[in-house]
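The values are calculated or read from the model by the stated rules, or taken from the named source; none is laboratory data. Because the structure is predicted, anything quoted here is derived from the model rather than measured. We place every Cβ from the backbone using ideal geometry, glycine too, and count neighbours over all the protein chains shown. Accessible surface is based on the protein model in full, side chains and every heavy atom, while ligands, DNA and RNA are left aside. Shrake-Rupley method; radii C 1.70, N 1.55, O 1.52, S 1.80 Å.
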Amino acid sequence: MAQAVDRKVEWPCINPKKQAKKKSYQNSGIVQLTSYKVTKEYSFLDYIFGGLQINFTVGIDFTASNGDPSSANSLHYINPYQPNEYMRAIQAVGNVCQDYDSDKQFPSLGFGAKIPPNYEVSHEFALNFNINNPFCPGIQGILDAYVNCIKQIQLYGPTNVAPIINHAAKFAEAAQKESGAKNYFVLLLLTDGVISDLHKTVYAIVRASGLPLSIIIVGVGSADFTAMNFLDGDDGVLKTQAGEPVKRDIVQFVPFRDFESAPPALLARHVLAELPKQITDYYKRLGIAPITPQFKS
């Protein structure tokens, strides 16, 4: 086969039965190999060892359908003795992602609430209320900002998800302009129900599918998550209203209720199951190899 690098190589197709019956039989056809190329398949760990950073961002649903945070029935109720579903999902997924992020500074955003000081509805605000610097130090920093945020906002609506996806896509777009496999982004979206801006969300996902970005959606509570399964694309290729398909699958949806009694590691393993392949598929599609590790002597 190595001969095909410089020239065409041929092999006759021989049928032993025909060859035995006919003395004039030569072959049943010719197989020609005109060229071949050996391509190395890089693994997720190849990119990690090459210095790839996984940048973790959180987007939290603060719409009124979550229930009054002062009520024990609310999905945003802060129980001093145990974390709510939002907090448990952040911990489970974030504790894995943070190990691949050297600075452990995580943009943490909210949507669907009236926020101070004017209490106007916002679909893209920082949990620390500093949109120019929405970073929280570590997973505990996200949880602290979340608890503080709940005390100051008014849950409202609607459930518009596209602005948060577009926010994360801006960071991914900037990273795409860098040389080499240096930064990949993971957006964890936590929501309790039906998305209001579904068509805009689909458009945002299709646009982001060509960027170094993956989106994990965790459904909190007992609502109908049919639209989330649609966004996941497992039942077919996700397309915009105009028919433009995603360049690759970047969405993973998991209903938290399926793991409510399970250990956090099981939820993390399930929601992050597709992430390594999504990362390698992105860089393979662009022909970008991992950066060669520099080992100190």
Fill in the blank from the handout: For region 110-155 the number of residues that are part of a strand (DSSP E or B), within 26 Å of A208 (Cβ to Cβ) and either of a type in the set (A, V, I, L, M, F, W, C) or touching a Gly at 6+ places or on another chain (Cβ under 7 Å) (or both) is 8
Handout entry: Identity of the residue in region 58-104, open to solvent by 20 Å² or more (accessible area, probe 1.4 Å), among the polar types (S, T, N, Q) and touching a Pro at 6+ places or on another chain (Cβ under 8 Å), that ends up farthest from L45 (Cα to Cα)
Key = Q91
Handout entry: Whichever residue in region 161-198 is surrounded by 21 or more Cβ atoms within 10 Å (Cβ to Cβ) and of a type in the set (F, W, Y) and, among such residues, is farthest from P290 (Cα to Cα)
Key = F185
Exercise for the section: Check region 137-148 and report whether any residue there is closer than 27 Å to M228 by Cα, of a type in the set (S, T, Y) and without any contact (Cβ under 8 Å) to a residue 60 or more places away in the chain. Expected result: no
Completion exercise
Okay, strands (runs of 3 or more DSSP E) sitting entirely in region 1-84 with 3 or more residues that are over 29 Å from I131 (Cα atoms), I get 9-12, 30-33
Fill in the blank from the handout: Checking A208, A242, A204 in turn, the sole residue that is open to solvent by 30 Å² or more (accessible area, probe 1.4 Å) and not hydroxyl-bearing (S, T, Y) turns out to be A242
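Table: residues versus (1) open to solvent by less than 20 Å² (accessible area, probe 1.4 Å); (2) in contact with a strand residue (DSSP E or B) (Cβ under 8 Å, 6 or more places away or on another chain); (3) aliphatic (A, V, I, L, M).
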{"site": "P117", "(1), (2), (3)": "no, no, no"}
{"site": "A126", "(1), (2), (3)": "yes, yes, yes"}
{"site": "F129", "(1), (2), (3)": "no, yes, no"}
{"site": "P134", "(1), (2), (3)": "yes, yes, no"}
{"site": "I139", "(1), (2), (3)": "yes, yes, yes"}
{"site": "D144", "(1), (2), (3)": "no, yes, no"}
{"site": "Q154", "(1), (2), (3)": "no, yes, no"}
{"site": "T159", "(1), (2), (3)": "yes, yes, no"}
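Residue-by-condition table, conditions (1) of a type in the set (D, E, K, R); (2) in contact with a helix residue (DSSP H, G or I) (Cβ under 6 Å, 6 or more places away or on another chain):
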| residue | (1), (2) |
| --- | --- |
| K37 | yes, no |
| K40 | yes, no |
| Y47 | no, no |
| A64 | no, no |
| G67 | no, no |
| L75 | no, yes |
| Q105 | no, no |
| A113 | no, no |
| Y119 | no, no |
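Yes or no, residue by residue, for (1) within 19 Å of Q278 (Cβ to Cβ); (2) touching a residue at least 60 places away in the same chain (Cβ under 8 Å); (3) of a type in the set (S, T, N, Q):
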| residue | (1), (2), (3) |
| --- | --- |
| S24 | no, no, yes |
| V38 | no, no, no |
| F56 | yes, yes, no |
| L75 | no, yes, no |
| Y81 | no, no, no |
| I90 | no, yes, no |
| V96 | yes, yes, no |
| Q105 | no, no, yes |
| P116 | no, no, no |
